[in-house]
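Taking it in order: structure first as structure tokens, then the write-up.
Every number here is computed from the coordinates shown, using simple stated rules; none is lab data. It should be emphasised that the depicted structure is a prediction, and the values quoted were computed from it without experimental measurement. Note: ideal-geometry Cβ built from the backbone for every residue, glycine included; neighbour counts use all protein chains shown.
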Amino acid sequence: MSTESTAAAPRLKRPQRFQTSIDERSLDQLLPPDDQARTVWAYVERLDLSPLMARIKAVEGNPGQATIDPRILLSLWLLATLDGVGSARELDRLTTKHIAYEWLCGTVSVNYHTLADFRSKNEAFLNELLTQSVATLMEQGLVNLEEVAQDGLRVRASAGAKSFRREKSLEECLEKAKQQVDTLQAQVDEDDGAVSRRQQAARERAARERQERIAEALRQREQLAKRQEQVKKEKGAKRKKEPRASTTDPDARNMKMPDGGFRPGFNVEFGTDTASGIIVGVDVNNVGSDSGQLLPMVEQIEERYDQTPERMLADGDFANLDDIETLHTNHGVDVYAPIKNAESEKAKGNNPYQAKPKDEPGIGAWRERMGTEEAKKIYQRRAQTAEWANARVRNFGLRQFLVRGLEKVRAAALLHALAHNLMQTILLKKRLAAV
């Protein structure tokens, strides 16, 4: 008999995945005290959502199913934006899989249709919310609007390059879309069980929306053609290729992206207060150039806050001479933007910072101003604010829009501005408390 002892088997705690258990903790106990969702909810609770509340038809004492609290939907989208989530379906999934989103819902069930509709149909409300929130910060002395930096951000559209078609192709697509709508409407009396009413309604809705998009693409293609003819008459420009429009998103335009390539996209314009880093103005257009965008931003800020910035900081693409003169003469705004070809003018022995004989007063003052050391120091603040704000929303996921149409795209851009301002406001108040 062997004297060697046999090694004993190790005693382990093994996973028990089929054993039921009851967790008596509430959602509030499961969510960490410092979770970002609590910050978002605290912010939304202080907002005036009366415009949204006024639309709700189900009221106390009358029949009707209770409506989801708009504060839940707004807080869900703000948190999703901070987390870089732009899809309504993904947000719907998170409300049942992620404790922070579950906590915001608080057992209220939502679906992606409701979430998508809330974002796409509330562009005007989100725009007013930006105004109200910034005005509140102005009253608290956190924003002064003395100096605003502006920069454009090219963002991919929810459309492919192959969706752009010429007039003849668009007309053919429109005819096919009409035929598809007629065919689906004729299938209403289809055998029971072949397709549910909900599926049939969804198919008809999708076909109608496609028909509407193609019709809109034809309309916008016609506008582009007229604009080409007008430019040709005014400037004698050479005839360009026949204009095309997208059947997926008629509002999108092919434009140069940050990587140098050309893809369908939108131009998002942010105006940022340089003292606070708060975004005070938002616009979205389908023009691939920033030229001519400075004046509309100043007019937007004036309309929002009844106050005009003293200085506007922008890069050379914004240096439109007409805008510079109008801002100087009609608004009293000094523009700080680089003078184009300044280095080449210096190489020729010319002084680019000297007013030219034909310059109007505002343009001449701008040239002379940009040659001073003070202007160079002021202009440095543009990158610290405008480009920083753009980089931050990029980090929040603003790389491609998942919605279509200018109105819906503006709503998504406004959500990014509100999310940025929320985080920046927290930082500003911490700094103020530390003083």
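Taking a 20 Å limit on the Cα-Cα distance, which of the listed pairs Lys256/Lys408; Lys346/Lys376; Lys57/Lys121; Lys162/Lys256; Lys356/Lys377 fall beyond it? Can you show the working numbers first?
Numbers: Lys256/Lys408 22 Å; Lys346/Lys376 17 Å; Lys57/Lys121 17 Å; Lys162/Lys256 16 Å; Lys356/Lys377 24 Å.
Beyond 20 Å between Cα atoms: Lys256/Lys408; Lys356/Lys377.
Want the number for Lys429 to Gln16: 0.36 nm per residue separation, take away the alpha-carbon distance, what's left?
Details: separation 413, 0.36 × 413 = 148.68 nm, distance 4.77 nm.
Length difference between fully extended and current span is 143.9 nm.
Give the relative contact order (percent, whole number) for the chain; include only Cα pairs under 8 Å separated by 6+ residues. Can you show the working numbers first?
On the way: 570 pairs, mean separation 90.3, N = 435.
In percent, rounded to a whole number, it is 21.
Say a site is exposed when it is one of the GluC sites (Glu not before Pro), sits in a DSSP loop, and has at most 14 other Cβ atoms within 10 Å; what is then the longest site-free stretch of the chain?
Details: sites that count: Glu4, Glu24, Glu60, Glu146, Glu190, Glu310.
By the stated rule (loop sites, at most 14 other Cβ atoms within 10 Å), 311-435.
Pick out, from Gly152, Gly288, Ala135, the residue whose Cα sits farthest towards the positive end of the charge dipole of the chain, with +1 on the Cβ of Lys and Arg and -1 on the Cβ of Asp and Glu.
The one lying farthest along the dipole's positive direction is Gly288.
Among Leu321, Gln307, Ala355, which residue has its Cα positioned farthest towards the positive end of the charge dipole of region 297-375, with +1 placed on the Cβ of Lys and Arg, -1 on the Cβ of Asp and Glu, and the dipole taken about the Cα centre?
Projecting each Cα onto the dipole axis, the largest value belongs to Ala355.
Is there a quick way to get the dipole size of region 370-435? I mean about its Cα centre, with the Cβ of Lys and Arg at +1 and of Asp and Glu at -1; what is the value in debye to the nearest 20? Walk me through the numbers on the way to the answer.
Values: 13 positive and 4 negative charges, 39 e Å.
Dipole of region 370-435, to the nearest 20 debye: 180 debye.
Going by alpha carbons, how many degrees (0 to 90, nearest 10) lie between the helix axis of 361-370 and the longest principal axis of the chain?
So the inclination is approximately 70 degrees.
Between region 36-68 and region 132-156, what is the separation of their alpha carbon centroids in Å?
Between the Cα centre of region 36-68 and that of region 132-156, the gap is 27 Å.
Taking Rh as the Kirkwood radius, which is the inverse of the mean 1/r over Cα pairs, what is the Rg/Rh value for region 247-321?
On the way: Rg = 14.0 Å, Rh = 13.8 Å.
Result for region 247-321 is an Rg/Rh of 1.01.
On a 0 to 90 degree scale, rounded to 10, what angle separates helix 70-82 from the longest Cα axis of the chain?
70 degrees
Using only the Cα atoms, what convex hull volume per residue in Å³ does region 293-394 have?
Values: hull volume 11.2 nm³, N = 102.
Considering the Cα atoms of region 293-394, their hull volume per residue is 110 Å³.
Between (i) 23.2; (ii) 25.7; (iii) 21.7, which matches Kirkwood radius over Cα pairs in Å calculated for the structure shown?
Answer by label: (ii).
Set Lys and Arg Cβ to +1 and Asp and Glu Cβ to -1, take the dipole of region 338-435 about its Cα centre, and tell me which of Thr372, Leu422, Ala391 lies farthest positive.
Toward the positive end, the furthest listed residue is Leu422.
Calculate, in nm to one decimal, what Met53 and Ile339 gain on full extension: separation in residues at 0.36 nm each, minus their alpha carbon distance. Working shown, then result.
Numbers: separation 286, 0.36 × 286 = 102.96 nm, distance 4.98 nm.
Answer, rounded to one decimal: 98.0 nm.
Kirkwood-based Rg over Rh for region 24-145 (C-alpha set), two decimals?
Numbers: Rg = 15.6 Å, Rh = 15.8 Å.
So for region 24-145, dividing Rg by the Kirkwood Rh gives 0.99.
How large is the charge dipole for region 52-103, taken about the Cα centre, if only the Cβ atoms of Lys, Arg (+1) and Asp, Glu (-1) carry charge, to the nearest 20 debye? Don't skip to the answer; put the middle values down first.
Values: 6 positive and 6 negative charges, 29 e Å.
Charge dipole, region 52-103, about its Cα centre: 140 debye, nearest 20.
Return, for the Cα atoms of region 113-168, the radius of gyration and Dmax in Å, separated by a comma.
Over region 113-168's Cα set, Rg and Dmax evaluate to 18.4, 58 Å.
Using amide H atoms built 1.01 Å from N in the peptide plane, name the residues 5+ places from Val280, or on other chains, whose amide H lies under 5 Å from its own.
Correct list: Gly271, Thr272, Asp273.
How much FRET efficiency would the formula 1/(1 + (r/R0)^6) give for Asn144 and Ala383, where r is the Cβ-Cβ distance and R0 is 22 Å, rounded to 0.05? Display every interim value, and only then the final one.
Values: r = 20 Å, r/R0 = 0.91.
Rounded to the nearest 0.05, the efficiency is 0.65.
On full extension of the chain, what length is gained from Asp34 through Arg89, given 0.36 nm per residue of separation minus the C-alpha to C-alpha distance? Walk me through the numbers before you get to the answer.
Numbers: separation 55, 0.36 × 55 = 19.80 nm, distance 2.67 nm.
Extending this stretch completely gives an extra 17.1 nm.
Quick one: if the Förster radius is 25 Å, what FRET efficiency do Asn350 and Ala391 give, using the C-beta to C-beta distance and rounding to 0.05? Could the numbers behind the result be given before it?
On the way: r = 36 Å, r/R0 = 1.43.
The pair Asn350/Ala391 has a calculated efficiency of 0.10.
Enumerate by residue number the chymotrypsin sites (Phe, Trp or Tyr not before Pro) in region 294-380 meeting two conditions: DSSP loop (anything except H, G, I, E, B), and at most 10 other Cβ atoms within 10 Å of the site's Cβ.
For chymotrypsin sites (Phe, Trp or Tyr not before Pro) across region 294-380 that sit outside H, G, I, E and B with at most 10 neighbouring Cβ atoms in 10 Å, the list is empty.
Explain nothing, just the number: dipole magnitude of region 266-409 about its Cα centre with +1 on each Lys and Arg Cβ and -1 on each Asp and Glu Cβ, in debye rounded to the nearest 20. Before the final figure, lay out each step's value.
On the way: 18 positive and 24 negative charges, 135 e Å.
I would put it at about 640 debye.
So for region 276-435, averaging the separation of alpha carbon pairs under 8 Å that are six or more residues apart and normalising by length, what relative contact order in percent results?
Working: 146 pairs, mean separation 39.5, N = 160.
Value for region 276-435: 25 percent.
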